[in-house]
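The values are calculated or read from the model by the stated rules, or taken from the named source; none is laboratory data. Not measured: the values here are computed from a predicted model. Here Cβ is always computed from backbone atoms with ideal geometry, including for glycine, and neighbour counts include all displayed protein chains.
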Amino acid sequence: YFRNSGLINIHIPADADMGRESLRKSYEDARVFFSKYYPKYGQSDMLCDSWLLSPVLAKLLPESSNIIRFQKAFELIRVDETNDSAIRWVYGRTDLPTHELQEHTSLQKKIKASLLEGGGIGAALGILKEDPWKH
């Protein structure tokens, strides 16, 4: 799977700007940082393990969604259909029955509808493509 030795894990802060230019700058800044301070990792593969990479989201969200644009920058290596971390991140809690989950955003509405139909969200591990902006 991996093109280079060494791996860099991509962390997505809860308040991250998922816009294309912000992501591009973050990836470029990471390359500069690692090249300068940890040269061994300057060209290492970047991995992300997150519910944001779940293939289920591609069925729920429009192509114009920042989440879908984020996903397209990665080649999936592994999918975990049982991962329920999306519930914690999208709703802020995991202790409510599905029918009581809030529906303030379109993402919350779509995920809740999917859950009520018996679906799950899951998560995936992906490697950042060599040219993540070429779709």
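Being among the β-branched types (Val, Ile, Thr), out of contact with any Asp or Glu (no Cβ under 9 Å at 6 or more places or on another chain), within 21 Å of Ile127 (Cα to Cα) and surrounded by 14 or more Cβ atoms within 10 Å (Cβ to Cβ) is true for just one of Val56, Val32, Val79. Which residue is that?
Values: Val56 fails: out of contact with any Asp or Glu (no Cβ under 9 Å at 6 or more places or on another chain); Val32 fails: surrounded by 14 or more Cβ atoms within 10 Å (Cβ to Cβ).
Result: Val79 is the single residue among Val56, Val32, Val79 that is among the β-branched types (Val, Ile, Thr), out of contact with any Asp or Glu (no Cβ under 9 Å at 6 or more places or on another chain), within 21 Å of Ile127 (Cα to Cα) and surrounded by 14 or more Cβ atoms within 10 Å (Cβ to Cβ).
Out of region 98-117, which residues are more than 20 Å from Pro62 (Cα to Cα) and either surrounded by 12 or more Cβ atoms within 10 Å (Cβ to Cβ) or modelled with pLDDT under 95 (or both)?
Selection gives Thr98, Leu101, Gln102.
List the pairs whose first member sits in region 94-121 and is acidic (Asp, Glu), whose second member is at pLDDT below 95, and whose Cβ atoms are under 8 Å apart, counting only residues at least 6 apart or on separate chains?
none
Could you check, for region 37-48, whether at least one of its residues is surrounded by fewer than 18 Cβ atoms within 10 Å (Cβ to Cβ), free of Cβ contacts under 8 Å to residues at least 60 places away in the same chain and closer than 18 Å to Ile12 by Cα?
no
For region 112-135, which positions are of a type in the set (Val, Ile, Thr) and either in contact with a Pro (Cβ under 6 Å, 6 or more places away or on another chain) or under 14 Å from Asn83 (Cα atoms) (or both)?
Ile121
Output the residue which, of all residues in region 59-76 that are over 13 Å from the mean Cα position of the chain (by Cα) and assigned to a loop (DSSP other than H, G, I, E, B), is surrounded by the most Cβ atoms within 10 Å (Cβ to Cβ).
Leu61
Restricting to region 5-36, give me the number of residues that are part of a helix (DSSP H, G or I) and either of a type in the set (A, V, I, L, M, F, W, C) or touching a residue at least 40 places away in the same chain (Cβ under 8 Å) (or both).
8
Among the listed residues Lys110, Lys134, Lys129, which satisfies the condition of being under 19 Å from Asn66 (Cβ atoms) and touching a Leu at 6+ places or on another chain (Cβ under 9 Å)?
Numbers: Lys134 fails: touching a Leu at 6+ places or on another chain (Cβ under 9 Å); Lys129 fails: touching a Leu at 6+ places or on another chain (Cβ under 9 Å).
Only one candidate passes the filter, namely Lys110.
Would you tally the residues in region 78-135 being of a type outside the set (Val, Ile, Thr), assigned to a loop (DSSP other than H, G, I, E, B) and within 28 Å of Arg24 (Cβ to Cβ)?
9
Quick check on my filter: what residues within region 11-58 are among the aliphatic types (A, V, I, L, M) and within 14 Å of the chain's Cα centre (by Cα)?
Within region 11-58, Ile12, Ala14, Ala16, Met18, Leu23, Met46, Leu47, Leu52, Leu53, Val56, Leu57, Ala58 meet the criteria.
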